[in-house]
1. So how tilted is helix 51-64 from the main axis of the chain? Cα-based, degrees 0 to 90, rounded to 10.
2. Please arrange 39, 34 by counting, for each residue, the other beta carbons lying within 10 Å of its beta carbon, fewest first.
3. In nm, to one decimal, how far is the modelled label at residue 75 from the one at residue 37, with both set 7 Å along Cα→Cβ?
4. Under 8 Å for C-alpha pairs, at least 6 residues apart: give me the relative contact order for the chain, rounded to a whole percent.
5. Using a basic spin-label model with each label point 7 Å from the Cα along Cα→Cβ, how many nm lie between residue 24 and residue 86?
6. Quick one: helix 69-79 against the long Cα principal axis of the chain, what's the angle to the nearest 10°, folded into 0 to 90?
7. Quick query: amide H of residue 35 versus all other amide H atoms, modeled in the peptide plane; which residues come in under 5 Å with a sequence gap of 5 or more or a different chain?
8. Work out from phi, with θ = phi - 60° and the Karplus expression 6.51 cos²θ - 1.76 cosθ + 1.60, the ³J(HN,Hα) of each residue of region 26-34, listed in order in whole Hz, and give x for Gly and Pro.
Amino acid sequence: MKTSGNNTCQSCGMPMNELSDFGTDKDDSINTEYCLYCYKKGDFTDPGITLEQKLEKNITIAEKMGMPREDAIALANAIIPKLKRWNRS
Ligand SMILES: [Zn+2]
């Protein structure tokens with residue numbers, strides 16, 4: 001598997017440091033691009049979600065972890081739209 005040393009989920013921006021943080025492909029091998037929350041068995045866990053919905057989802061999670069909403073919004077907007085899953089142009 002290729003590990004660049006900078007493994008960030010290309011769907012939600014979560015840093016992935018442990019093997020157990022990574023998503024899995026259909027054959028249960030490790031997928032190094034996406035985390036276990038976003039990608040399981042070769043499919044996204046939230047297929048069809050829009051970028052806006054993903055932002056809101058992550059903002060909600062960050063808030064639950066204690067981040068002020070304004071910071072959570074700024075962080076999500078700085079990271080997520082640049083990720084491979086959303087950057088399709
Ligand atoms: Zn993810």
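Here, each number is a calculation from the coordinates, and none is a lab measurement. All figures in this text were calculated on a predicted structure; none of them were measured in a lab. Here the Cβ is made from the backbone with ideal geometry for all residues, glycine too, and neighbour counts use every protein chain on show.
1. 80 degrees
2. Exposure proxy ranking, most exposed first: 39, 34.
3. The answer from the label model is 1.0 nm.
4. 26 percent
5. Each label point is offset 7 Å from its Cα along the Cβ direction, giving 2.8 nm.
6. 40 degrees
7. Placed amide hydrogens put 10, 11, 12, 23 under 5 Å from residue 35.
8. Karplus values, whole Hz, x for Gly and Pro: 3, 8, 6, 6, 6, 9, 7, 8, 10.
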